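Engineer: Take a look at the following structure, please.
Bear in mind that the values in this text are calculations on the coordinates, not laboratory data. Predicted model only: the values in this text are computed from it and were never measured. So basically every Cβ, Gly included, is an ideal-geometry build from the backbone, and we count neighbours across all protein chains shown.
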Amino acid sequence: MKELEQMSPAELDELIRSAEKAKADAEKRRKAEAKEKVQKILDEYGYRIGDLYPRAAGKSAPAGGTSDARYANPDDPSETWGGLGRYPKWLAERVPGIGEMSPAEKRAALERFRVE
């Protein structure tokens, strides 16, 4: 094989493509080997992957509601917000421009909605 310094840009591009393909193929083989080893161990103990790792079996994380309610709609206390992510519609309507406020302004504006 030519020294890299003697190769043309087109030859270098082809070498890179070949190396990337070889790397991807090697990674596929490595994953298949690991999967086979894990499956042998699971079979030996009589488990499926989902028995040990439920989310790996396709079960998704709990939908929403994972953080405690920190703020509530005064008109409908069942509408709450944990303080993370997008502002709920009821809060955005009551505090116009909340997205552009400084953190200190947000804390002050949200205080009246805080759940005790």
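Engineer: Length gain on complete extension for the stretch A19 to E5, per 0.36 nm per residue less the alpha carbon to alpha carbon distance?
Structural biologist: Numbers: separation 14, 0.36 × 14 = 5.04 nm, distance 1.71 nm.
Result for the pair: 3.3 nm of gain on full extension.
Engineer: Could you give log10 I(q)/I(0) at q = 0.22 Å⁻¹ for the chain, computed by the Debye formula over C-alpha point scatterers of equal weight, without solvent?
Structural biologist: Here log10 of I(q) over I(0) equals -1.22.
Engineer: Additional query: Restricting to DSSP H runs of at least four residues, report the calculated mean residue ellipticity at 222 nm for the chain, -39500 (n - 2.57) per run over all residues, nearest 500 deg cm²/dmol. Could the numbers behind the result be given before it?
Structural biologist: Working: 4 runs with 55 residues, N = 116.
Calculated at 222 nm, the ellipticity per residue is -15000 deg cm²/dmol.
Engineer: Enumerate the residues in the range 15-34 having an amide nitrogen under 17 Å from the point lying 7 Å beyond the Cα of E44 toward its Cβ.
Structural biologist: Only 33-34 pass the distance filter.
Engineer: What is the total of Lys pairs in the chain with C-alpha atoms under 19 Å apart, excluding same-chain pairs fewer than 8 positions apart?
Structural biologist: Total qualifying Lys-Lys pairs in the chain comes to 7.
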